[in-house]
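Colleague: Following this message is one structure expressed as structure tokens.
FYI, it's all coordinate maths here, none of it is from the lab. As the structure is a computational prediction, the values presented were derived from the model and not from experiment. Note that we place each Cβ from the backbone using ideal geometry, even for glycine, and neighbour counts take in every protein chain shown.
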Amino acid sequence: MSEAMELVRAELGKDAIIVSTRNGDAEDGGYGVKVTAALETATPGSVVYEDLAGTGTEDVLDTLLEWLAYHRTPPLLAEKLLNRVRRLETDDALMALAGALDSEFEFAPLGHQRLARPLILIGPPGAGKTVTAAKLAARAVLDGQATALITTDIVRAGAVEQLGAYAKLLKLEIKVADGPDALARTVDTLPAGGFFVIDTPGINPFDTSVLKEISTFLDAVDAEPVLVLPAGGDAFETVETAEAFASLGASRFIVTRLDTSHRLGSLIAAADAVRLKFSEATFGPYIGDGIGPVSPMFLALALTDRLGEAISTLSTIEATS
Ligand SMILES: Nc1nc2c(ncn2[C@@H]2O[C@H](COP(=O)(O)OP(=O)(O)OP(=O)(O)O)[C@@H](O)[C@H]2O)c(=O)[nH]1
Ligand SMILES: [Mg+2]
């Protein structure tokens, strides 16, 4: 064991952390002891930064590294983004970040006009599905689209009433579908073109029987499953959650609670690991409070603590469109 410890120190230096020690046995290849050790870097991604130094855009790389670390971006993803920045050769950090995000991720806003098929919002409990359904519907109503709000959430007490209250503000009637067949019948009665949103109950993404049950709803209709994911969670937890919902067919996601979250690394981690497309972001609890399309610049502003500016860019775009 002491010999092994010496080897660790020689290889990794005095800051090495011993993760585990094990006595070997014949099945393990016949070694005497096995020591697993690790080295913690001062800031996530600092090793990466050293690799990239000397490209002529050190200040930009330095600034971006700090931002990405602040957001608890997984180091490998930070590395990928910084490599993109390196190729851009710009000295404007915000533009560099927006450019890197643009080349690394896909952006596919939902819009508020006539949809090819209804949207069905899925996500973990409390993610913001119901209020987001109302926000999307509100935008479509303002745009003069034929709009419908449907819910399959007969599970949570008060869920139908909650959506009903939002719908009332929009002068819409909600339709309640208590099973896959009822959902199929309801969707069949919708007019030929318009903006139709289906709300679903929050589900545990790690419970396979629950996933199976929700997939019976998804299989019953020709609707696009869109994941609703709150900002601010742990990156790895969020990636696992996103993976589960992607397995149900979601390829775009709506980010909620941007206004109450300071760490956004989990969102770019989910988009990266699961190849989900960014669509919309929400930044307030009320239906009048806002929802907007996520663009590379919007995301870059949000990641550099300039959400207010990102939101005002949206109003300008909406006001001029
Ligand atoms: N601050 C803030 N609050 C939000 C946002 N989106 C949703 N909320 C709040 O989050 C809470 C949960 O929102 P819901 O829309 O009911 O969430 P849900 O996903 O439908 O919840 P379940 O149906 O129970 O799974 C509510 O209090 C919302 O007002 C947001 O973008 N910002
Ligand atoms: Mg709900």
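Colleague: Over all Cα pairs of the chain, how is the pair count split among 20 Å bins, expressed in % and running from 0 up to the last occupied bin?
Modeller: P(r) for the chain, in whole percents per bin: 29, 46, 21, 4.
Colleague: Okay, moving on. By DSSP, what percent of the beta bridges with both residues in the range 119-320 are antiparallel, rounded to the nearest 5?
Modeller: Here the antiparallel bridges make up roughly 10 percent for the range 119-320.
Colleague: Under 24 Å from the Cα of Lys171, which lysines turn up, not counting those fewer than eight places away in the same chain?
Modeller: List returned: Lys129, Lys135.
Colleague: Rounded to the nearest 500 deg cm²/dmol, what is the calculated helix-only ellipticity per residue at 222 nm for the chain, with -39500 (n - 2.57) per DSSP H run of length n ≥ 4?
Modeller: It comes out at -14000 deg cm²/dmol, rounded to the nearest 500.
Colleague: OK, next. Angle between the Cα long axis of helix 208-220 and the longest principal axis of the chain, 0 to 90 degrees, nearest 10?
Modeller: Taking Cα atoms only, the helix is inclined about 40 degrees.
Colleague: For the range 180-321, what class follows from the C-alpha gyration tensor (a ≥ b ≥ c being the square roots of its eigenvalues): rounded when a/c is under 1.5, otherwise prolate if a/b is larger than b/c, else oblate? Please list the in-between numbers first.
Modeller: Details: a/c = 2.40, a/b = 1.34, b/c = 1.79.
Oblate shape, in that a/c is at least 1.5 and b/c is the bigger or equal ratio.
Colleague: Could you check the simple spin-label distance between Arg114 and Arg275, using points 7 Å along Cα→Cβ, in nm with one decimal?
Modeller: 3.2
Colleague: Starting from the Kirkwood Rh over alpha-carbon pairs, what translational D in µm² s⁻¹ does the range 114-255 have by Stokes-Einstein at 10 °C and 1.306 mPa s? Working shown, then result.
Modeller: Working: Rh = 15.1 Å.
The calculation lands on 105 µm²/s.
Colleague: Among the aspartates and glutamates, which fall within straight-line cross-link reach of Lys168, defined as a Cα-Cα distance under 19 Å, with same-chain neighbours fewer than 8 residues apart omitted?
Modeller: Filter leaves Asp143, Asp153, Asp199, Asp289.
Colleague: Sticking with this structure for a sec: What's the local net charge at Ala116, with K and R +1, D and E -1, over the other residues with C-beta under 15 Å away?
Modeller: +1
Colleague: Let me ask something else about it. Test of understanding: in a Gaussian network model of the chain with alpha carbons linked when under 10 Å, which of Gly13, Gly194, Gly123 would top the mean-square fluctuation ranking?
Modeller: For the chain, modelled as a Gaussian network with Cα springs under 10 Å, the answer is Gly13.
Colleague: Please list 286-292, 134-140 highest first by mean number of surrounding beta-carbon atoms within 10 Å per residue.
Modeller: Going by the mean number of other Cβ atoms within 10 Å, highest first, we get 134-140, 286-292.
Colleague: Kindly put Ser2, Ser266, Ser312 in sequence by how many other C-beta atoms sit within 10 Å of each C-beta, fewest to most. Before the final figure, lay out the partial values.
Modeller: Numbers: Ser2 7, Ser266 27, Ser312 12.
In increasing order of surrounding Cβ atoms, one gets Ser2, Ser312, Ser266.
Colleague: For Asp259 and Ala38, FRET efficiency with R0 = 35 Å and r from the beta-carbon atoms, rounded to 0.05? Please list the in-between numbers first.
Modeller: On the way: r = 37 Å, r/R0 = 1.05.
Efficiency computed from Cβ-Cβ geometry: 0.45.
Colleague: Moving on. In what order do Leu68, Leu39, Leu115 fall by count of nearby beta-carbon atoms within 10 Å, going from fewest to most?
Modeller: Working: Leu68 27, Leu39 12, Leu115 19.
Starting with the residue having the fewest Cβ neighbours, the order is Leu39, Leu115, Leu68.
Colleague: I need Glu280, Glu3 ordered by Cβ neighbour count within 10 Å, fewest first.
Modeller: Lowest count first: Glu3, Glu280.
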